[in-house]
Amino acid sequence: MKPIVKIEHNAYQKVMHWVNKSDFEVSGFGIIKEVKGNFVVTDAILLEQTNTTVTTELEASDILKAMRDYANVDGKMRWWWHSHVKMEAFWSGTDTDTIEGLGEHGYFVATVFNQHQKMRSAMRVGVPFNAFIDDLPTEIVMPVHPDVAEWDRLYAEKVTNETPSQYVYNAHKGTGLKPSYPSYGRDWNDDVWDSEDIAEEQRFSVLETKLEVSGELSDKEWAEYSDLANMDGSYNPNGAKWK
Ligand SMILES: [Zn+2]
């Protein structure tokens, strides 16, 4: 199992801001914390650099200075990121050489980004064994929004969940299936999905959330609705005014 590179949202935004800013390459480092066998990137660091459209050059002394500056933070400066601007997120020969060099005395994680929101991560370990592991799963960690409690309150107030008593599998010819399933759209026996007897659209009707509108609008309410929805009152998606 490969370790996951979990980039915290603030660090990702910072990197993508610099990546999207220019048609030149840009690169930097970042702080990594080791959490439960994964890498959590908590910050991105920009160093003085000279870039072209295809290369990015850093001074060794600037890298050392950054390591000193960040010596006391929670985590280690073991992440190297760079931009491929609009090119594919892949490793060039220079990139793999750079990663080999950075990871020579420990480990180093690298992620390459482009302006199409693509990214690719790899790591090199030099000590105590030598390994280059490519295509590490890479995730952006979203912060918990301060309004989550309010969203929960709205959900509790407005949403009623009902479990349908009959499932579409009843249409299955074999009927060798269990009479009920524990939850809607989940825990389905794989046999159900594998069965060719279940037509594609029947599967779909299980998973699809169908919008059902009940009740009717008066002509006056319909006119107001049409007006608010900025549509011609004659357009009516569900028959006559949802009637
Ligand atoms: Zn590159």
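Here are a few things to note about the model shown:
- Annotated for region 5-141: lysine pairs at least 8 residues apart or interchain, Cα distance under 14 Å, count 6.
- GluC sites (Glu not before Pro) lying in DSSP loop within region 30-79, provided at most 11 other Cβ fall within 10 Å: Glu48
- Relative exposure of His145, His82, judged by other C-beta atoms within 10 Å (fewest first): His145, His82
- Relative contact order computed over region 58-150 (Cα-Cα under 8 Å; 6+ residues apart), in percent: 21
- Inter-part distance, region 81-155 to region 39-65, computed on C-alpha centroids, equals 15 Å.
- Cα gyration tensor shape for region 1-140, rounded if a/c is under 1.5, else prolate or oblate: rounded
- Among Ser22, Ser226, the order by Cβ neighbours within 10 angstrom, fewest to most, reads Ser22, Ser226.
- When each of Ser121, Ser61 is scored by the number of other beta-carbon atoms lying within 10 Å, the sequence from fewest to most is Ser61, Ser121.
Throughout, read-outs are computed from the coordinates displayed, never taken from laboratory work. Bear in mind that the values here come from a model prediction, so they are computed numbers and not experimental data. All Cβ positions, glycine included, derive from the backbone under ideal geometry; neighbour counts span all protein chains shown.
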